[in-house]
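The values are calculated or read from the model by the stated rules, or taken from the named source; none is laboratory data. Only a predicted model underlies this, so the values are computations on that prediction, with no experimental measurement involved. Cβ coordinates were reconstructed from backbone atoms using ideal geometry, including for glycine residues, and neighbour counts include every protein chain displayed.
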Amino acid sequence: MKSSRKARKTIFFGDRSFYVLENVYESAEDTFLLAENLVVNKDDVVLDMGTGCGVLGILAAEKARKVVAIDSNPHAVRCARMNAKLHGVIRKMDIRQGDLFKPLNKNEKFDLIIFNAPYLPSEAWEQRTWLGRAWAGGPTGRQLIDRFLAEAPKYLERDGRILLVQSTLSNVRETVRKLEEKRLDVTVVAEKKVAFETIVLIQAKRR
């Protein structure tokens, strides 16, 4: 890759590198846990919720038929587009700015929905910056998670699935319960212990 004056730094996953612009979440263990367990089929249509700098959406687009990537952060949207162009997958990606599912049409359906959610318990002031909003999940860490769980199943294809990253600090059992209430089969497919928490990757499939 050529250097970018706009990039705050460059991150790496395997042999791939990605620019991270100022005010954009720097992908870390949570993103990479999902990336390491990301299985995409060639005909899949994928929704990458909270795309950030675009790592997961770009990895998905290398195999998928199409990827819709959404982020509320305009800096992240610009960053994801930059990285998608650099990795040669921009034509397979539709990158949109907006709050969770609001940028979607109600009839859009996906074979796979992925979300590295803001999951850490936080106070209101911690959500006042773009970077804070990428990780701060409100008093219980579930502010965005619960909104996501309420809507995500409506956008799944008949045999679709969800991959959701969250922390043990934000009540994994509650997430499993809510997904099972939506008549989905739920499993924890991977986890990683980091510092004061365990990061968990939850998969939910149509029955």
Next item on the list: Look through Phe148, Phe115 and report the one residue that is crowded, with 17+ Cβ neighbours inside 10 Å, in contact with a strand residue (DSSP E or B) (Cβ under 9 Å, 6 or more places away or on another chain), part of a strand (DSSP E or B) and modelled with pLDDT of 95 or more.
Entry: Phe115
Notebook entry, point to check: What residue, among those in region 167-207 that are assigned to a strand (DSSP E or B) and out of contact with any strand residue (DSSP E or B) (no Cβ under 6 Å at 6 or more places or on another chain), is surrounded by the most Cβ atoms within 10 Å (Cβ to Cβ)?
Noted result: Val194
Next item on the list: Could you check Arg133 against (1) within 29 Å of Arg65 (Cα to Cα); (2) in a helix (DSSP H, G or I) and say which number it fails?
Entry: (1)
Next item on the list: State yes or no: is Val46 of a type outside the set (Gly, Ala, Ser) and buried (at least 23 other Cβ atoms within 10 Å of the Cβ)?
Entry: yes
